Amino acid sequence: MLSLLLALFLFAGCNPEGQYPNKQGNGLPPVTVSQIAVSGKGKPYLEVDGEPFAVYGAQIRIDIFRSVDKLGWDEIELYFITAKKLGVNCVQLSYPWAFLEPRKDEYCFDEIDRLLALANQYGLKVELLWFSTNMIGDAYTFLVPNYIIATPALRLGREGDGDYHPLYGYTYSLKNNDKWLLERETKAVTTLFDHIREWDEKNGGKHPVITCQVHNEPDAGVRWRLAEKKFRHKDGSAVSSDECWKMTLEALDAVGKAVKASSYSVATRTNIISGDGVKDFPQTPGKSPKDVYKLEGIDFVSFDPYRETVNEIAYEVSQYASMEGNYPLIAENRGSYANTASLMLVASALGGGY
């Protein structure tokens, strides 16, 4: 996607009207806003409110704007205005678990309500980026609630445990498929999307959120972080690549299923660090994007190529389109390329989004 970039610390404040401790459901009938459909010619596409929707968007890093840069809402609105001027039809909005649940079972909706209102105001759809326990293979204190990070049983040992990242906070590794952890995360996701359903009901039923990205570049854990940071169990034994990938896949599946089972169901996806098509990751033979695509909780697998030639983009889109039924969305690409318009056109011509 075109990147309207900047990025994060935990914004723990919440207006009183935005906080609803222990809120459970909303009593509204469920809606299915989006899903992957297949045309009569066998081409998969994203269907939104019963109609084809080709994704052309820009990314707005709300996590960084609010947590690190401390931007006010008037300043954030300027990015929505810019996105509208660019002519895109949707915006990717990063939204950390820590924003939603700053304290256990206390849910704060002020941030998401303001974002939805801006999307409606400027006629933009939203791809919600759920940032939580797997951010490019790591877990960060700006993204994950403190009560999760502070639970010793959830933590893996690693090199650089607790190192500080200026955009994401203190760095840890979590056993992100832990049963209790997934119960907490899926409860949070269900609460979020049930709230979106209620907010949308009260604000014109425009269905602003059309997809949910689960985690962010989660393949980085098994491909690089595992070896670089030497992930370890509590007994000091090494985490194997099979164990690391199993944790990654089970967490993606569970969270994706929670989105789809909420009263505001949308198509789910994750984004893979691309460059090798859908072949096995060169660092871990036997593991590939195809494993992610098999998950029930993930509807389509998108990718982040960071490539600027038409041929490279065409190759990656074609590769992800080769997984039968997969909508080949370029979820993230550098926005400063001079030939961005050409890259968007080739992605579209091959049945993808950008």
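When Glu217, Glu198, Glu228 are checked against the criterion of being over 30 Å from Asp280 (Cβ atoms), open to solvent by 10 Å² or more (accessible area, probe 1.4 Å) and out of contact with any helix residue (DSSP H, G or I) (no Cβ under 9 Å at 6 or more places or on another chain), a single residue qualifies: Glu198. For Gly286, the stated conditions do not hold, so it cannot be described as of a type in the set (Gly, Ala, Ser), free of Cβ contacts under 8 Å to residues at least 60 places away in the same chain and either in a helix (DSSP H, G or I) or touching a helix residue (DSSP H, G or I) at 6+ places or on another chain (Cβ under 8 Å) (or both). Whether any residue in segment 63-76 is within 30 Å of Val346 (Cα to Cα) and not in a loop (DSSP other than H, G, I, E, B) is what I want to check. For segment 63-76, residues within 30 Å of Val346 (Cα to Cα) and not in a loop (DSSP other than H, G, I, E, B): absent.
Being touching a helix residue (DSSP H, G or I) at 6+ places or on another chain (Cβ under 6 Å) and open to solvent by 10 Å² or more (accessible area, probe 1.4 Å) is a description that does not apply to Leu156. When segment 325-336 is limited to residues that are surrounded by fewer than 17 Cβ atoms within 10 Å (Cβ to Cβ) and touching a helix residue (DSSP H, G or I) at 6+ places or on another chain (Cβ under 9 Å), the one that is farthest from Leu295 (Cα to Cα) turns out to be Arg334. Criterion applied to Ser132, Ser173 was being crowded, with 23+ Cβ neighbours inside 10 Å, more than 24 Å from Phe193 (Cα to Cα) and of a type in the set (Ser, Thr, Tyr), and the one residue passing it is Ser173. Taken over segment 173-198, residues that are touching an Asp or Glu at 6+ places or on another chain (Cβ under 6 Å) and either closer than 21 Å to Asp63 by Cβ or aromatic (Phe, Trp, Tyr) (or both) amount to 1.
The values are calculated or read from the model by the stated rules, or taken from the named source; none is laboratory data. Since we're looking at a predicted model, the values are computed, not measured. All Cβ positions, even for glycine, are placed from backbone atoms using ideal geometry, and neighbour counts span all protein chains on display. Ligands, DNA and RNA are stripped out before the accessible areas are found, and what is left, the full protein with its side chains, is counted by its heavy atoms. Shrake-Rupley method; radii C 1.70, N 1.55, O 1.52, S 1.80 Å.
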